[in-house]
Amino acid sequence: MSDAPSETATAPLNEGQRIIDIFVAPSKTFTDLLRNSAWWGPLLVLIVMSIVFSFAVQTKVGWDRTYDNIVHQSPKAEDRFAQMPADQATRIKSISAKITAGTAYGTPVIVLIVTAISALLVWATVNFGFSGTSKYGQVFAVFMYANLVLNIKYILATIALFAGVAPDSFLIQNPVGTNIGYYLSTDAPRWLISLATHLDIFEIWSLILSAIGVAIVAKVKRGPAAAAVVGWWLLFVLIFAAVAGVQS
């Protein structure tokens, strides 16, 4: 069976069908993007899930505790706060907690920016490196739909929060144990934890979906599409790991 993408005459999908199919028949959703590359459905899901998850963190952990837990993951940060006058440390932590809250509720904006950059890099690589024929908007839509599976992770995290997860152990940047990094000791090197955190069930699922979708909209085989998607992902993961190592 060839892995080359193919277009078949199928009935147009509505937004609900696209969202459902990304979990059960992703090729149908991605093929429909050749007809219409709208992506408001995934954006709406993202906005709702960001609000629900952020509200759960706010009510069950609190933003001050959430930020304190982030600080405890960095010995350098803890040392800096320990050397500050108490009132200065309190003021900075209060401001940082508010920034953490704003970042959580503003997740859709951050996701759109990251997706725009990722889609641009993959679109350029596939079109100019592998003779693809995709439009940038189609690749962007592929990423938006592929990222839908990441919402499952935050649904699980929200359930865990309301089920009574210990506030002192909650980490907003890695809220549920779907990746290897979640289970590493806090004494492990920060670069290793960063690297292992990206070995996540849902992140890998999203990568697979992205490769399938890019192959379809760019009309290339899945091998080159996967090379573009995974190659850029791996580069950014290594950069994040290196930064974590320097900051630890």
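What follows is calculated from the coordinates using simple rules that are stated; it is not laboratory data. Quantities reported herein were computed from a predicted structural model and do not represent experimental measurements. Neighbour counts run over all protein chains shown; Cβ positions are idealised from the backbone, glycine included.
As a quick test, which of the pairs LYS28/LYS135; LYS98/LYS153; LYS60/LYS98; LYS135/LYS219 have an alpha carbon distance above 22 angstrom in this structure? Display every interim value, and only then the final one.
Details: LYS28/LYS135 18 Å; LYS98/LYS153 24 Å; LYS60/LYS98 16 Å; LYS135/LYS219 11 Å.
Long pairs (Cα-Cα over 22 Å): LYS98/LYS153.
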So what's the angle, to the nearest 10 degrees on a 0 to 90 scale, between helix 15-24 and the longest Cα principal axis of the chain? 80
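Which order do the peptides 108-121, 86-99 come out in when sorted by mean C-beta neighbours inside 10 angstrom, highest first? Could you put the intermediate results ahead of the total?
Details: 108-121: 15.5, 86-99: 13.1.
With the highest mean Cβ count within 10 Å placed first, the list reads 108-121, 86-99.
Please state the relative contact order of the chain as a whole percent: Cα pairs under 8 Å, 6+ residues apart?
On the way: 289 pairs, mean separation 71.5, N = 248.
Reported as a whole number, the value is 29 percent.
Around VAL45, with a cut-off of 15 angstrom between Cβ atoms, what is the net charge of the other residues, counting Lys and Arg +1 and Asp and Glu -1? Please report the intermediate quantities before stating the final value.
Working: positive: ARG18, LYS153; negative: GLU15, ASP21.
With Lys, Arg at +1 and Asp, Glu at -1, the net is 0.
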Gyration tensor on Cα atoms of region 136-241, a ≥ b ≥ c root eigenvalues, a/c under 1.5 rounded, else prolate if a/b beats b/c, else oblate, says oblate
What whole number of Å gives the distance from the Cα centroid of region 181-225 to the Cα centroid of region 40-74? 22
With a/c under 1.5 counting as rounded, go ahead and sort region 126-198 into rounded, prolate or oblate using the C-alpha gyration tensor (a ≥ b ≥ c being the square roots of the eigenvalues; past the cut-off, prolate if a/b is larger than b/c, else oblate). oblate
